[in-house]
1. Can you pull out every residue in region 87-111 that is free of Cβ contacts under 8 Å to residues at least 60 places away in the same chain, surrounded by 14 or more Cβ atoms within 10 Å (Cβ to Cβ) and over 15 Å from residue 296 (Cα atoms)?
2. Take the residues in region 385-407 that are within 26 Å of the chain's Cα centre (by Cα) and not in a loop (DSSP other than H, G, I, E, B), then tell me which one is surrounded by the most Cβ atoms within 10 Å (Cβ to Cβ).
3. Would it be correct to say that residue 317 is within 19 Å of the chain's Cα centre (by Cα) and more than 28 Å from residue 52 (Cα to Cα)?
4. Report yes if residue 177 is assigned to a helix (DSSP H, G or I) and in contact with a strand residue (DSSP E or B) (Cβ under 8 Å, 6 or more places away or on another chain), otherwise no.
5. Quick one: is residue 149 under 18 Å from residue 132 (Cβ atoms), in the same structural domain as residue 263 (by TED's automatic domain parsing) and touching a strand residue (DSSP E or B) at 6+ places or on another chain (Cβ under 9 Å)?
6. Could you count how many residues in region 136-174 are surrounded by 22 or more Cβ atoms within 10 Å (Cβ to Cβ) and part of a loop (DSSP other than H, G, I, E, B)?
7. Would you pick out the residues in region 152-174 that are at positive phi and touching a strand residue (DSSP E or B) at 6+ places or on another chain (Cβ under 7 Å)?
8. Within region 263-285, track down each residue that is surrounded by fewer than 21 Cβ atoms within 10 Å (Cβ to Cβ) and closer than 21 Å to residue 8 by Cβ.
């Protein structure tokens, strides 16, 4: 089963064009990539940094640079909330609001002219990571000996409320197609397929208007189901293939469409990943909208800029969508993998009832797990090893479908942690 129909709530944040907010007084650059917080810090208090400077670098298997999104003086190191729900150390930079780069940026007339080695080096130096949520280093996907036959661009954005990818396609369609074409040529890839929902007629029109002579780029309309945007679902639906660990096993690479635009800016202007579009939405916001902001911008500041809350009491702030997102505190800051911030009414505890043993969570699980049994055995390590909670993709369907309103996904996440420890 590819997924189920769920409400969208997309139109809430699409009533107005996106805006830019480029002038926070301070940014808080998270010293993390994905879950990797083992970072070498390259700056100290009082030091002036230029926009695009490397201020840290992860030490793990994949060396990802941490980039300053503004120019200014390093004033402190402070812990703030991060997209995955954790609190992480951040470099605090007083924004001088001059956007000073150390060197003038050159414009590359033809971004197809790079060699594959130059292409990979640019992605690596620019700190480009998966912007759909994973934060996986983009260069790693291309740094392989295996023949890449198909590039799938994920513009499905199947989670409710989130419209950041929709906004980037609508406003940067030509640039995205130019980048896809360059990626095909540089990496000798046979074809590219842009995946969008079959109900998204607006994006289909934009793509049809611009796709023109890009003969190796096609649009694929996929079912409007959740979690259709899951990488495995896309590969299975579009190419009728399945893999064990990663798509390159079947000669396929999948990139999120916002990541593609970040690649455009890196290839065209040598501009590192310093900003992103974030959907600021939810039933408690006065004016939901998409906002382009520097990485490290405090979310509370963005919410104030776009009009604030309707009611400041009992707010549930979620980093990400309602299905896969994490509840966070108000000191959340924007990171490369933060596509959405939701301000919702809190769920009342009296709505929860005991498990009915209905089995609906088992029926909808895309990873073919038994979430209810994982929940029941959350403290039993030996049983958990048999139930394979690590295969869970945290899509949240088990919690969504539960008639007892049990937060099943949270139990499964706890089970994952219990197996690690």
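The values are calculated or read from the model by the stated rules, or taken from the named source; none is laboratory data. These numbers were taken from a predicted model, which means no experiment stands behind them. For neighbour counting, all protein chains shown are included, and Cβ atoms are generated from backbone atoms with ideal geometry for every residue, glycine included.
1. 100, 101
2. It comes out as 398.
3. So residue 317 passes the test.
4. Answer is yes for this residue.
5. No, not satisfied.
6. Summing the residues that are surrounded by 22 or more Cβ atoms within 10 Å (Cβ to Cβ) and part of a loop (DSSP other than H, G, I, E, B) in region 136-174 gives 8.
7. 161
8. Selection gives 283 alone.
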